[in-house]
Amino acid sequence: MLTFFQQFFLLVCTIGIFIPQPACAQENQQHLINNGGYIIEDGSGLHKYRENDLFVPASIMKIFTSLVALEFLGPEYRFETHFFLDGQGNLYIKGYGDPLLTSEIVLEISMKLSQMGIRQLLSICLDDTAFDLRGETASEENSVKSYDAPNGALAVNFNAVSLLVGEKGKVSSSESQTPFLPLMQEISVGLTPGLHRLNIDMLPSKPGKPSALRYAGELFSAQLQQAGITIRHPWKTQTTPNNLKPIFIHKSQATLEGIIKDCLKYSNNFIANQLFLACGIYTYGLPATWEKSRQAFIDYSTITLGLPIGLLVMMEGAGLSRQNRISPSTFIQILNRFKPFAPLLSLRETIPLKSGTLTGVYCFAGYFPKGDTLIPFAILLNQTENNRNQLLKELQIIAVGPAAQP
């Protein structure tokens, strides 16, 4: 026999009166979820499901990486690359993790050195000792794809090589700003005709010449010579002597805020992990290591966000690792702190958000606009069915009403 209150509860849930619609909506979303959770932070505390469970976040983790970088380094921070000249005419290039050393920038630097009166060099010495990554990479797939490119203190063109293989096997650079480099011929072996953008690690390293540094060495050599500077001997790896003072310090043209905007827009894994490693340097000093950065983010989550140990697992900063774990409720705390930087997120229709995608991982995190208010939300699905788009639409209706739909 049902009590009066049990009968009344069944009645109102059946006909949908007396109880506000959003309170019943939670059950209506669960048919879209086999393994996942979500939360809307609208102040009601009603709209959430498995909000404290840990899930693989994929690229939405870039929001957290961006937040910590902005708070540690500051929006106006600029990465640096230092240049030294010894008495024998050796040019030392010491990198500190600038993610934007593109072919165009390397040529601009070369022209600057030429304008300083440098006309001839004995050799180029590349110094990447500001990072000590011990061969560890962020990616677990280690594929030839450019999104799996390795990180480093001195890296050019995001450690990705763009080339064109012709029908008869002729290889050329596919970018007008990038000259043909000898390594392009080697890395093209076995490729079919067409355009290719490859992870530099596809090129086997040689003793004393890691592939990423070879790329930097060949590009700097080519651009310096284009700027009218002759180089007598091939580039080499060598630590900068302590007694040398920089003759030139290149500061990235983009501020950290600008770098992050592009990183989030294009979901650039290489940039995200350069930021991740820079945060480790900020906290624990040179050289950058993966472990220093992991500890720096644990410190931030426990001290700044007040999270208990274990509610966040962060192996790297781009979302490539399937060992990364975070809950929807933890992500809401991140989004609340990220609100001043919400304009850095790209818009999906009217919603500023970041997506995260791996095989079997489909996530969204961002804000539902409601008047002048931003309502944070997080959707983390770790399942075969990619239902995040439908879930996003339904949660938006719950948060701001049907009129918000385009």
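Is one or more of the residues making up the range 214-227 within 23 Å of Arg134 (Cβ to Cβ), under 22 Å from the mean Cα position of the chain (by Cα), of a type outside the set (Lys, Arg) and buried (at least 20 other Cβ atoms within 10 Å of the Cβ)? Yes, there is a match, as at least one residue in the range 214-227 is within 23 Å of Arg134 (Cβ to Cβ), under 22 Å from the mean Cα position of the chain (by Cα), of a type outside the set (Lys, Arg) and buried (at least 20 other Cβ atoms within 10 Å of the Cβ). Of all residues in the range 358-388, those satisfying the criterion of being closer than 11 Å to Tyr38 by Cα and hydrophobic (A, V, I, L, M, F, W, C) are Cys363, Phe364, Ala365, Phe377, Ala378, Ile379, Leu380, Leu381.
Taking the criterion of being polar (S, T, N, Q), in the same structural domain as Leu163 (by TED's automatic domain parsing), out of contact with any helix residue (DSSP H, G or I) (no Cβ under 9 Å at 6 or more places or on another chain) and surrounded by 14 or more Cβ atoms within 10 Å (Cβ to Cβ), would at least one residue in the range 228-250 satisfy it? So far as the range 228-250 goes, yes, one or more of its residues are polar (S, T, N, Q), in the same structural domain as Leu163 (by TED's automatic domain parsing), out of contact with any helix residue (DSSP H, G or I) (no Cβ under 9 Å at 6 or more places or on another chain) and surrounded by 14 or more Cβ atoms within 10 Å (Cβ to Cβ).
This table checks each residue for (1) modelled with pLDDT under 95; (2) of a type in the set (Ser, Thr, Tyr); (3) part of a loop (DSSP other than H, G, I, E, B).
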{"position": "Gln6", "(1), (2), (3)": "yes, no, no"}
{"position": "Cys13", "(1), (2), (3)": "yes, no, no"}
{"position": "Asp42", "(1), (2), (3)": "yes, no, yes"}
{"position": "Ile60", "(1), (2), (3)": "no, no, no"}
{"position": "Leu70", "(1), (2), (3)": "no, no, no"}
{"position": "Phe83", "(1), (2), (3)": "no, no, no"}
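When the range 307-331 is filtered for residues that are out of contact with any Phe, Trp or Tyr (no Cβ under 7 Å at 6 or more places or on another chain) and either under 16 Å from Tyr284 (Cβ atoms) or modelled with pLDDT under 95 (or both), the ones remaining, listed by number, are Leu307, Pro308, Ile309, Gly310, Leu311, Leu312. Just so you know, in the range 156-177 the residues that are out of contact with any strand residue (DSSP E or B) (no Cβ under 7 Å at 6 or more places or on another chain) and in a loop (DSSP other than H, G, I, E, B) include one that is surrounded by the most Cβ atoms within 10 Å (Cβ to Cβ), and it is Val156. Considering the range 97-129, the residues that are buried (at least 19 other Cβ atoms within 10 Å of the Cβ) and part of a loop (DSSP other than H, G, I, E, B) include one that is farthest from the chain's Cα centre (by Cα), namely Ile118. Can Ile259 be described as buried (at least 19 other Cβ atoms within 10 Å of the Cβ) and under 30 Å from Arg348 (Cα atoms)? The answer is yes for Ile259.
Residues in the range 265-316 that are touching a strand residue (DSSP E or B) at 6+ places or on another chain (Cβ under 6 Å), in a helix (DSSP H, G or I) and more than 11 Å from Gly97 (Cβ to Cβ): Ser301 only.
The values are calculated or read from the model by the stated rules, or taken from the named source; none is laboratory data. Keep in mind that what you see is a predicted model, and the values were worked out from it rather than measured. Using ideal geometry, Cβ is built from the backbone for each residue, glycine included, and neighbour counts are taken over all protein chains shown.
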